[in-house]
């Protein structure tokens, strides 16, 4: 019986230690910048990447912020054998409403609202009201969005 009490007390103390979730935020190191969005531009008819086969060149792409008509900086990101349009997101709480063009032709529009929130001592970006317009699209299992561009 004495062993049972000791074992019960030990179990109770270990459970108490597991449920004590108080964390000193000064001891936590966080570096959580907002994740950019990655878009793969796909020929709707052939399912080929239009940046890979040079149908669309980076120099012909323009991203317009529809709130103020300014041009938005972007990158071409190459991973394995595929190329992606990388659209960065800032640390600011804001709404994004972008038009993505190639040679003055609208490929698609992109909207998202972002807000920085604190989760367990770390600020992270929360994304809401996400939408892609003027194109068919699907979410890829690698975290990118496949945008289907009509090439007719």
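The values are calculated or read from the model by the stated rules, or taken from the named source; none is laboratory data. It should be emphasised that the depicted structure is a prediction, and the values quoted were computed from it without experimental measurement. When we count neighbours, we look across all protein chains shown, and the Cβ atoms used for this are built from the backbone with ideal geometry, even at glycine.
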Here's a check for you: in region 102-123, which residue that is surrounded by 12 or more Cβ atoms within 10 Å (Cβ to Cβ) and at pLDDT below 90 is farthest from residue 33 (Cα to Cα)? 121
Would you mention how many residues in region 124-146 are over 15 Å from the mean Cα position of the chain (by Cα) and either within 30 Å of residue 23 (Cα to Cα) or touching a residue at least 60 places away in the same chain (Cβ under 8 Å) (or both)? 1
Qualifying positions in region 67-93 - more than 15 Å from residue 40 (Cα to Cα) and surrounded by 13 or more Cβ atoms within 10 Å (Cβ to Cβ): 72, 89
Elements of type strands (runs of 3 or more DSSP E) contained in region 61-106, each with 1 or more residues being in contact (Cβ under 8 Å) with a residue 60 or more places away in the chain: 75-79, 82-87, 94-102
If a residue must be in contact (Cβ under 8 Å) with a residue 40 or more places away in the chain and under 30 Å from residue 120 (Cα atoms), how many such residues does region 26-60 contain? 9
